[in-house]
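Undergrad: Pasting a structure below so you can have a look.
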Amino acid sequence: MKFQLNKNEQFITVFRKHEFFMWLAVIRYLFLAIIPVFAISFFNNFTNLQELGTVIYFAYLLLLWVGFFVEWTNFMLDTWILTDERLIDIEQLSLFSRRVSTLSLDRIQDITTTELGLLETFFGIGTVLVQTAGETQEFEIYGVKNPNKVKDILQQAYRQGRQDILHEIAGLRSE
């Protein structure tokens, strides 16, 4: 997705969900595709139902393929974009529905990371919660790879923005 940067705004990085979530979807859809093979072998005992079972199976595979495509699209389009001025959350809600939220870095009050459970700890997956001073109290980056590194990048961007503001204020005072 292309978005417009403000004047003098610099792109820093993009955060995405961990690939683990996509691999889970692949395994789930492969499992769902294999299960009916056993049912088709059952229908082979009834010769008049064999063709019907095959047609139903291929229709089922087509539905699985569409479901997997929707899930892959959702995975690829869920992004968090960090610039030197703001954090942009692009959340794909469904195939033709998207929500874009923007958080100005100067509104950050606190950044918290959580890694819950054995799998998240083992794979380095977690959630980054950004507390803000605005109406929306939390800005959540869910399922991100290396949440502590993401937190450090956000804090560094925040500190750099504050330093730039302090330099501007100092420059205005000296004039």
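Since every read-out is calculated from the coordinates, none of them should be taken as a lab result. Because the structure is predicted, anything quoted here is derived from the model rather than measured. Using ideal geometry, Cβ is built from the backbone for each residue, glycine included, and neighbour counts are taken over all protein chains shown.
Undergrad: Going by amide H atoms built from the backbone, whose H comes under 5 Å of the H on Ile111, apart from near neighbours?
TA: Amide H to amide H, under 5 Å and 5 or more residues apart or across chains, Ile111 pairs with Gln131.
Undergrad: Quick one: what are the phi-derived ³J(HN,Hα) couplings along the range 96-110, Karplus 6.51/-1.76/1.60 with θ = phi - 60°, whole Hz, x for glycine and proline?
TA: Result, rounded to whole Hz: 10, 9, 9, 10, 10, 10, 10, 10, 6, 4, 6, 9, 5, 10, 7.
Undergrad: Something else: Work out the FRET efficiency for Val37 and Arg98 from their Cβ-Cβ distance, taking R0 = 45 Å, and round it to the nearest 0.05.
TA: On the way: r = 36 Å, r/R0 = 0.81.
Efficiency, from the Cβ-Cβ distance: 0.80.
Undergrad: Okay, moving on. With charges set only on the Cβ (+1 for Lys and Arg, -1 for Asp and Glu), what does the dipole of the range 75-136 come to about its Cα centre, in debye to the nearest 20? Walk me through the intermediate numbers first.
TA: Details: 4 positive and 10 negative charges, 39 e Å.
With Lys and Arg at +1 and Asp and Glu at -1, about 180 debye.
Undergrad: Something else: Could you pull out every residue, at least 5 positions away or on a different chain, whose amide H is within less than 5 Å of the one on Ile12? Hs are placed 1.01 Å off N in the peptide plane, and Pro or chain starts have none.
TA: Long-range HN contacts for Ile12: Leu82, Thr83, Asp84.
Undergrad: Also: Can you give the FRET efficiency for Lys149 and Val55, using 1/(1 + (r/R0)^6), R0 = 35 Å, r = Cβ-Cβ distance, to the nearest 0.05?
TA: Values: r = 50 Å, r/R0 = 1.43.
FRET efficiency, Lys149 to Val55: 0.10.
Undergrad: Pop the C-beta distance of Phe11 and Glu138 into the FRET formula with R0 = 22 Å and round what comes out to the nearest 0.05.
TA: Approximately 0.35, to the nearest 0.05.
Undergrad: Sticking with this one: Quickly work out the Leu30-to-Gln156 label distance, labels modelled 7 Å from Cα along the C-beta direction, and quote it in nm with one decimal.
TA: With each label point 7 Å from Cα toward Cβ, the separation is 3.6 nm.
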